[in-house]
Ligand SMILES: *Cc1c(COP(=O)(O)O)cnc(C)c1O
């Protein structure tokens, strides 16, 4: 199955989405380079339109639809950033868009998606549960479901990040990528390994509910509980009927690691005070992997900053040094919506 996506698909995706997404800067980090004794660069994808890379995959997927399918509209399930990207891409292409999401999605993200012109449906306590609602509407209305990660055009769209990184840093040796459902790292790993198999690709998840890592350990896709975490964009399952990302990650990703909530908070603080960037928890885990020395960089190393969509009141508490524990703040299971 994973052989279905090639570097050519990723190159075509780049042409297809050109002018509709930003090509984001690769920036040398003096602070992380001196902390690690290596040359460390940061891919500023948090500066992407809609605040995350999800716009790349969504734009590529919608542009790849037939005009008939585009007329009936698109529908997706999302922990936030996919919905935002899909809604924005759909609006750019005058396409109807419905987004279903779980109750754990922070309110700032819900409003952001609504602001992009999508119709919102809130249902269930996990991405997999919200998916069932989507399936029903696909059946009834003939809309096209575009998933956040397990889709060839989405993976190819995310893979365009690798082409940009390799252009800016041809001697790249290690790339560190936030990991949830694996669409981002699958696209990047496919592109990197086909250009140079020696490039190391490392995935980083949070300890709380790392669905892909649990699945790799089990040897097959498994379900995990979705728990409140600072890396909320990394929540959700990989889907028991996973078609692409599990195989691609298993074959092409060299190493996966996890971070604690305190380590994610430290990474958000580093991003702010040292790099002067506002990064959401999920987007900062590459920095955390370096600061904790859980990843040993080989050669010039890029940490991908994947998104900026954090609740700013929460961000302020973290950068002011507060020891935020979202699980302790949970009352009736509504931790991050407060
Ligand atoms: C979706 C997302 C990820 C994880 O991407 P996957 O393709 O699901 O692995 C990482 N960071 C941010 C900011 C995201 O929105």
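The values are calculated or read from the model by the stated rules, or taken from the named source; none is laboratory data. All values derive from a computational prediction rather than experimental measurement. We place every Cβ from the backbone using ideal geometry, glycine too, and count neighbours over all the protein chains shown.
Given the conditions (1) modelled with pLDDT under 95; (2) touching a helix residue (DSSP H, G or I) at 6+ places or on another chain (Cβ under 7 Å), and given that residue 264 satisfies all but one, which numbered condition is not satisfied?
The single condition residue 264 does not satisfy is (1).
Looking at segment 50-69 only, could you name the residues that are touching a residue at least 40 places away in the same chain (Cβ under 8 Å) and more than 10 Å from the ligand (Cβ to nearest atom)?
The answer is 56, 58, 59, 60, 61, 62, 63, 64, 65, 69.
Check off (1) in contact with a helix residue (DSSP H, G or I) (Cβ under 9 Å, 6 or more places away or on another chain); (2) on the phi < 0 side of the Ramachandran plot for residue 68 and give me the number that stays unchecked.
Answer for residue 68: the failing condition is (1).
Can you work out which of the residues in segment 169-198 that are part of a loop (DSSP other than H, G, I, E, B) and touching a residue at least 60 places away in the same chain (Cβ under 8 Å) is farthest from the ligand (Cβ to nearest atom)?
171
Take segment 40-49 and flag every residue that is within 13 Å of the ligand (Cβ to nearest atom) and either surrounded by 24 or more Cβ atoms within 10 Å (Cβ to Cβ) or within 14 Å of residue 147 (Cβ to Cβ) (or both).
Those that are within 13 Å of the ligand (Cβ to nearest atom) and either surrounded by 24 or more Cβ atoms within 10 Å (Cβ to Cβ) or within 14 Å of residue 147 (Cβ to Cβ) (or both): 43, 45, 46.
When segment 18-38 is examined, which residues are found to be over 24 Å from the mean Cα position of the chain (by Cα), in contact (Cβ under 8 Å) with a residue 24 or more places away in the chain and over 21 Å from residue 278 (Cα atoms)?
Correct list: 36, 38.
Looking at 242, 309, which one is out of contact with any strand residue (DSSP E or B) (no Cβ under 7 Å at 6 or more places or on another chain), closer than 25 Å to residue 130 by Cβ and in contact (Cβ under 8 Å) with a residue 60 or more places away in the chain?
Just one listed residue meets the conditions, 242.
Go through segment 268-327 and count every residue that is out of contact with any helix residue (DSSP H, G or I) (no Cβ under 6 Å at 6 or more places or on another chain), part of a helix (DSSP H, G or I) and within 25 Å of residue 104 (Cα to Cα).
8
Take segment 216-228 and flag every residue that is part of a loop (DSSP other than H, G, I, E, B) and either at pLDDT below 95 or away from the ligand (no atom under 14 Å from the Cβ) (or both). Spell out how you get there, then give the answer.
Here is the first cut: in segment 216-228, the residues part of a loop (DSSP other than H, G, I, E, B) are 219-228.
Of everything in segment 216-228, those that are part of a loop (DSSP other than H, G, I, E, B) and either at pLDDT below 95 or away from the ligand (no atom under 14 Å from the Cβ) (or both) turn out to be 219, 220, 222, 223, 224, 225, 226, 227, 228.
Does residue 255 meet the test of being surrounded by fewer than 18 Cβ atoms within 10 Å (Cβ to Cβ), in contact (Cβ under 8 Å) with a residue 40 or more places away in the chain and within 18 Å of the chain's Cα centre (by Cα)?
yes
For segment 271-290, give me each residue that is more than 16 Å from the ligand (Cβ to nearest atom) and either more than 22 Å from residue 29 (Cα to Cα) or surrounded by 22 or more Cβ atoms within 10 Å (Cβ to Cβ) (or both).
290
Quick check, is residue 166 buried (at least 18 other Cβ atoms within 10 Å of the Cβ), touching a residue at least 12 places away in the same chain (Cβ under 8 Å) and over 19 Å from residue 85 (Cβ atoms)?
It is true that residue 166 is buried (at least 18 other Cβ atoms within 10 Å of the Cβ), touching a residue at least 12 places away in the same chain (Cβ under 8 Å) and over 19 Å from residue 85 (Cβ atoms).
Residues being more than 19 Å from residue 294 (Cα to Cα) and assigned to a loop (DSSP other than H, G, I, E, B): count how many of those fall in segment 229-266.
The number of residues fulfilling the criteria is 11.
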